[in-house]
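K.L.:
Sharing a structure below in structure tokens format, with a few things to ask.
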């Protein structure tokens with residue numbers, strides 16, 4: 001293991017999602033992984049560029065779980081994506097364009113260190129609802145949705161539960 005990742009002669013490798021349940025890989029430049037993958041993992045596949053560093057984030061288990069009954073009560077597609085497909089697509093486009101602006105030439109990822117003033121940005125976008133930002137021509141409503149999701153993600157990753 002090097003920096004918490006298994007390595008072979010061709011560079012770093014990390015576990016495939018099919019057997020890593022409840023863990024989310026994130027691209028974080030310049031940081032080492034927080035922990036080594038669990039020892040029971042058996043299959044490794046090269047899917048990360050050799051110079052990439054992967055940080056494993058353990059999500060809120062009340063949201064993403066291995067429990068079958070609990071997963072059924074978290075309908076990500078029918079209870080979120082299917083409710084708001086246009087909004088999800090608009091936020092995804094904003095994420096892509098934001099990555100091109102702030103991380104040119106890098107794989108799509110959220111640069112946490114470049115984007116952490118969510119509450120101030122939410123308030124600013126609320127003042128501009130229905131208007132287009134002249135800098136990038138996105139509706140402030142789209143930027144508000146991105147910031148709201150970023151803020152919620154940050155809060156959940158800090159250890160707070162979505163529901164008591």
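The values are calculated or read from the model by the stated rules, or taken from the named source; none is laboratory data. Small disclaimer: the values here were computed from a predicted structure and weren't measured. Here the Cβ is made from the backbone with ideal geometry for all residues, glycine too, and neighbour counts use every protein chain on show.
K.L.:
Can you say whether residue 59 is touching a helix residue (DSSP H, G or I) at 6+ places or on another chain (Cβ under 9 Å), surrounded by 14 or more Cβ atoms within 10 Å (Cβ to Cβ), part of a loop (DSSP other than H, G, I, E, B) and at pLDDT below 50, as far as the supplied structure shows?
P.N.:
yes
K.L.:
What number of residues within segment 117-135 satisfy the criterion of being more than 25 Å from residue 81 (Cα to Cα) and in a loop (DSSP other than H, G, I, E, B)?
P.N.:
5
K.L.:
Answer with yes or no whether residue 113 is under 17 Å from residue 154 (Cβ atoms) and surrounded by fewer than 12 Cβ atoms within 10 Å (Cβ to Cβ).
P.N.:
yes
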